[in-house]
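Everything on this sheet refers to the single structure shown next.
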Amino acid sequence: MSHARRSTAETAAQCQPLWTAARGAQVINCELIVPSHGPAIIRCGYGPESIIRSQCIVSSEAAAVVAETWKMALLAQGFRLGS
């Protein structure tokens, strides 16, 4: 998907921040993106253009489990949760 199409699609989506983790200058945000059409996506990255991981998700419960798994992996690598 092109940047312009992705930006337009994400504008119509509802984004719910889940957590932020940092290690020095590295800051990673995890969010749940619920578009008006199609499946929800859980995404972690340094920003919308620097995505580390993303996955289609079927429910908010599943999103919570995946987000927790990703968060624990970052904590094991020395990241700390932000406020």
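The values are calculated or read from the model by the stated rules, or taken from the named source; none is laboratory data. Predicted, not measured: the structure shown is a model, and the values here were computed from it. Note that each Cβ is placed from the backbone with ideal geometry, even for glycine, and that neighbours are counted across all protein chains shown.
Going by the conditions given, is residue 52 at pLDDT 95 or above and assigned to a strand (DSSP E or B)? Walk me through how you get there before you give the answer.
On the way: at pLDDT 95 or above: no; assigned to a strand (DSSP E or B): yes.
No; evaluated as a whole, the condition is false for this residue.
Name every residue in region 22-37 that is among the small types (Gly, Ala, Ser) and in contact with a Phe, Trp or Tyr (Cβ under 8 Å, 6 or more places away or on another chain), in order of residue number.
Correct list: 22 only.
Pick from 63, 76: which is of a type outside the set (Asp, Glu) and surrounded by 15 or more Cβ atoms within 10 Å (Cβ to Cβ)? Please lay out each step first, then the result.
Details: 76 fails: surrounded by 15 or more Cβ atoms within 10 Å (Cβ to Cβ).
Matching residue, one of 63, 76: 63.
Residue check: is residue 68 in a helix (DSSP H, G or I), exposed (fewer than 11 other Cβ atoms within 10 Å of the Cβ) and not β-branched (Val, Ile, Thr)?
When the stated conditions are applied, residue 68 does not pass them.
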